[in-house]
Amino acid sequence: MTFTKLSIEATGAPSVPGANSQTDIWAIFRALRDARSAFGLRPGHLQTLQAMLSFLKPGHGETVFASNDSICQRVGGIDERTLRRHISRFVELGFIHRQDSSNRKRYRVRSSGGACVSYGLSLAPLLQRAGELMAIAQEFENARRDKIFLRKQILTKLAQLEDQDPDLSFVAQTRKTLRRKLSLTDYRAMLSEAEALCQEILTTDRSPEPTQLPANDGQTVRHLSMSVKEKKDLDCPSIDESIQPEMLTAVCDQAMSFSCKRLTTWADIEGHARTLAPMMGIPPQVFEQAKRSVGAQKASAAIFILLQLGNRIKDFTAYFHSITLGCKRTQFVPSTLLKRMSMQARVS
């Protein structure tokens, strides 16, 4: 197929910044190709249009006089019924005007005075809409670039989340979603969610150090700045003490409220912890990794304790990973924490 460079007058078309009065017909074709989804066109439609454009010759107008058989051969041997469907689709969209003769033949006739009548497939409507097609194609290109930009930002956030928690379920789900074709709205919503989760994990792992202030406004403290780091219940120093099942079940009444039987052995506690973990958003595979990392007793106790401290924990999965697989696993001592929780319960 030969491609002849043609220039046409884009009369009646909306003005586009940077467009010339003479518009390359193949530039119009490329614009329609890039924006074909906006008109419901398939690649087969564009191949037919490409073949029809190749029949145009400079200085001979915008009408295709080639027969259906010639067009079919130039497309690549498509069926004539397929060609008719493609032409009908372009006519419906207003890109082609069909001017039929009495015998359905395609030709041009001139009078002695120079008047001309062309019978065939006129591509003048397509050429007149050059500005519209190029504007739509530019919008599609802008959207494509914005999607790539947002996608790269999302992947960066996912990498940061993986560094903090390699088994975070949000990361796996988001990567699976990114395989599909998404809209700009979907990408923006996904990026906002990833940024919020990153901020939440960073806030959880890096709590601010409160400064101790004077008792009242009348006191003046000079040359003295004292700050006391607030000790969280999950940041206890590491002490080698055994965990008592009786104390765990007595203190963690929230976990026991979901059990239909009394838990007396560590096997019972571990089985109940496996049931509670998915309810708290902790995947079973994360629990298994925690079990291999810190042991079955410590992993099960962590489930019970996190559920008891539910109103103080924003993300169970992130915190469970932190105290069993992350940077705080050596600081998490369930026995010491259970004693503190028991004393607080008696005081309250």
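The values are calculated or read from the model by the stated rules, or taken from the named source; none is laboratory data. From a predicted model like this one, the values you see are computed outputs, not experimental measurements. Don't worry about glycine lacking a Cβ; one is built from the backbone with ideal geometry, like all the others, and counts go over all protein chains shown. Please note that ligands, DNA and RNA were not included when accessible areas were found on the heavy atoms of the full protein model with its side chains. Shrake-Rupley method; radii C 1.70, N 1.55, O 1.52, S 1.80 Å.
Here Gln173 meets each of (1) touching a residue at least 24 places away in the same chain (Cβ under 8 Å); (2) over 19 Å from Arg33 (Cα atoms) with one exception, condition (1).
Checked against (1) assigned to a helix (DSSP H, G or I); (2) open to solvent by 40 Å² or more (accessible area, probe 1.4 Å), Cys260 passes all but a single condition, namely (1).
Yes or no, residue by residue, for (1) open to solvent by 80 Å² or more (accessible area, probe 1.4 Å); (2) without any contact (Cβ under 8 Å) to a residue 24 or more places away in the chain:
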residue: Phe39; (1), (2): no, no
residue: Leu53; (1), (2): no, no
residue: Asp69; (1), (2): yes, yes
residue: Gln73; (1), (2): yes, yes
residue: Ser88; (1), (2): no, yes
residue: Ser101; (1), (2): no, yes
residue: Ala135; (1), (2): no, no
residue: Asn142; (1), (2): no, yes
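Within the stretch 172-195, can you find the residues that are open to solvent by less than 30 Å² (accessible area, probe 1.4 Å) and either part of a helix (DSSP H, G or I) or touching a Phe, Trp or Tyr at 6+ places or on another chain (Cβ under 8 Å) (or both)? Passing the criteria: Thr174, Tyr187, Met190, Leu191, Ala194. Taken together, the residues in the stretch 90-99 that are in a helix (DSSP H, G or I) and open to solvent by 80 Å² or more (accessible area, probe 1.4 Å) amount to 1.
Residues in the stretch 295-348 that are of a type outside the set (Val, Ile, Thr), open to solvent by 10 Å² or more (accessible area, probe 1.4 Å) and either in contact with a strand residue (DSSP E or B) (Cβ under 9 Å, 6 or more places away or on another chain) or outside any helix (DSSP H, G or I) (or both): Gly295, Leu309, Lys314, Asp315, Leu325, Gly326, Cys327, Lys328, Arg329, Gln331, Ser348. Count of the stretch 78-108 residues, restricted to those that are more than 11 Å from Thr48 (Cβ to Cβ) and either touching a Gly at 6+ places or on another chain (Cβ under 7 Å) or among the aliphatic types (A, V, I, L, M) (or both), is 4. Which members of the stretch 63-89 meet the condition of being over 18 Å from Ala124 (Cβ atoms) and in a loop (DSSP other than H, G, I, E, B)? Result: Ser67, Gly76, Gly77, Ile78, Asp79. Is it the case that Leu158 is in a loop (DSSP other than H, G, I, E, B), surrounded by 11 or more Cβ atoms within 10 Å (Cβ to Cβ) and either in contact with a Lys or Arg (Cβ under 8 Å, 6 or more places away or on another chain) or at pLDDT 90 or above (or both)? No: the conditions fail for Leu158. Out of curiosity, is Phe149 open to solvent by 60 Å² or more (accessible area, probe 1.4 Å) and touching a residue at least 24 places away in the same chain (Cβ under 8 Å)? Taking the combined requirement at face value, the residue does not satisfy it. Starting from residues that are of a type in the set (A, V, I, L, M, F, W, C) and in a loop (DSSP other than H, G, I, E, B), keep the ones in the stretch 103-124 and report whichever is most open to solvent (accessible area, probe 1.4 Å). Per the criteria, the residue is Ala115.
Please state which one of Ala267, Ala277 is among the aliphatic types (A, V, I, L, M), under 15 Å from Ile303 (Cβ atoms), at pLDDT 85 or above and surrounded by fewer than 16 Cβ atoms within 10 Å (Cβ to Cβ).
Exactly one of Ala267, Ala277 is among the aliphatic types (A, V, I, L, M), under 15 Å from Ile303 (Cβ atoms), at pLDDT 85 or above and surrounded by fewer than 16 Cβ atoms within 10 Å (Cβ to Cβ), namely Ala267.
Against the definition (part of a helix (DSSP H, G or I), open to solvent by less than 20 Å² (accessible area, probe 1.4 Å) and touching a strand residue (DSSP E or B) at 6+ places or on another chain (Cβ under 6 Å)), how does Leu127 come out, yes or no? Yes; evaluated as a whole, the condition is true for this residue.
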